[in-house]
Amino acid sequence: MYLGDFILPVVGSLLLVICVLVGVAFLTLLERKVLGYIQIRKGPNKVGFMGIPQPFSDAIKLFTKEQTYPMLSNYLPYYFSPVFSLFLALLVWLIMPYLVGLYSFNLGLLFFLCCTSLGVYTVMIAGWSSNSNYALLGGLRGVAQTISYEVSLALILLSFVFLINGFCLIDLMKFQEQIWLVVLCFPLALSWFASCLAETNRTPFDFAEGESELVSGFNVEYSSGGFALIFMAEYASILFMSMLFTSLLLGCDVESLGFFFKLVFVSFMFIWMRGTLPRFRYDKLMYLAWKSFLPLSLNYLILFMGFKIMLLYILL
C-alpha cells in the first residue's frame, strides 16, 4: 500500500514532465509555422511530413553539437544555471489543478510566485558567470524587468485570492462554473497577459535578448546543450503561463477538452504578439510596470476587498 502511494506520484510526475516537454517541442513548431504565415513565407516543411518531426531533429542537432565554454567563465554556475532554469520551469507545473489527487496544492499560487522569483536567479547567474559584458548587461536587464513585473503579477493574483478566499486553483475552478473571471475583470486580464509576456521575456518585452545591441543577451556564450536547456525553459514557462491564464480567467475545467483548446489559443497569442509588435523602449517598459499596471492592480485589489467587506456586512 505504501509502495503504491509512493509510485503513483512518481509515475504521474514523469508523465507530466514528458507531456510538458513534448508540448514545448510542438510549441516551437507552432511558433515557426505561425511566424511563417504572418511573414508570408513557408515555415519548416522539409523534415518528414509537413515538417512535423522538425522539433526532434532540432533537439538532436543541439544536443549532439560540441559543448564549448568560455575559458574565463565561472564554470560550475555557468554549467548549472540552464539546468536549474529548466528544473524550475518544470517544477512549477505541479500546481496544475488535477482532480485525480496527484498533488493537492492548497497554496498553489504562493508556490508559483516562489518558483518564478527563483527563476530570476538563473538569468542573473547565467549572465554573470559567462564573464562577458554583453551577457552581463542582458542578465541585468532581464532581472530588472522580471522583478518589476513580478510586483504586478503578485498584486493581480492577490485580487483573485481575495475574490475566491483561497490560494488553490481548484477553488478558482469552482468559482468560475457560472461565469468566467475575464468577463468580470477584463482590464485585469489584459494587464495579466502583458505581465506574462514581460515575465517570460517575450516580444515586445524581450530586452534580455536584444540582438541589435546585446548580440543575444544573457545566453550569448551558451551553445549546444546549455542553449537548448535555456530555450526549453523559456517555452515551458510560456506554456505554463498560458495554463495559468486559462485557469485564472477562462474557466478552469481541466477535465474538459475545451481547457486545452483555450490553453493552445493563449499560447498562440504569445506567438501572435511576437509576429506583430515591435520591441518597446526600455524606459517605457518600466513606466508601464510602475505607472500603469501597479495602480490598476492596486485599484482592483481595493475594489475586491470592498466587495468582500460589503458581503460580510450583509451576511452578518
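What follows draws every value from the coordinates through simple rules; no lab data is involved. This one's a predicted model, so the numbers in the text were calculated from it and none came from an experiment. With ideal geometry, Cβ positions are generated from the backbone for all residues, glycine too; neighbour counts draw on all protein chains shown.
Descriptive notes on the structure:
- Value of [θ]222 nm, deg cm²/dmol, for the chain, DSSP H segments ≥ 4, -39500 (n - 2.57) each, nearest 500: -23500 deg cm²/dmol
- For region 14-95, the convex hull spanned by the alpha carbon atoms encloses 149 Å³ per residue.
- P(r) for region 64-315, from all Cα pairs and a bin width of 10 Å, is 7, 29, 34, 20, 8, 2, 0 %, short bins first.
- For region 57-185: Kirkwood Rh in Å [reciprocal of mean 1/r, alpha carbons]: 17.4 Å
- Once the trypsin sites (Lys or Arg not before Pro) in DSSP loops with at most 14 neighbouring Cβ atoms within 10 Å are cut out of the chain, the longest remaining piece is 66-280.
- Across the chain, the relative contact order, built from alpha-carbon pairs under 8 Å that are at least six residues apart, equals 24 percent.
- Pair Ile60, Ser256: separation of 7 Å Cα→Cβ label points (nm): 4.1 nm
- Size of charge dipole - region 1-105 - debye, nearest 20, with Cβ of Lys, Arg +1 and Asp, Glu -1, no other charges: 580 debye
- Comparing Met241, Met305, Met232 in a Gaussian network model of the chain, where Cα atoms under 10 Å apart are tied by springs, the biggest mean-square fluctuation is seen for Met305.
- Net dipole in debye of the chain [+1 Lys, Arg Cβ; -1 Asp, Glu Cβ; about Cα centre; nearest 20]: 680 debye
- Gain on full extension, evaluated as 0.36 nm per residue between Phe6 and Ile40 minus their Cα-Cα distance, stands at 7.1 nm.
- Global form of region 167-311, assessed from the alpha-carbon gyration tensor, a/c cut-off 1.5: oblate
- Total formal charge among the other residues, if their Cβ is under 15 angstrom from that of Lys65, Lys/Arg +1 and Asp/Glu -1: -2
- Coil-residue GluC sites (Glu not before Pro) of region 171-275, DSSP, other Cβ within 10 Å capped at 11: Glu177, Glu255
- Top positive-direction residue, dipole computed over the chain with Cβ charges, set Gly258, Leu90, Gly51: Gly51
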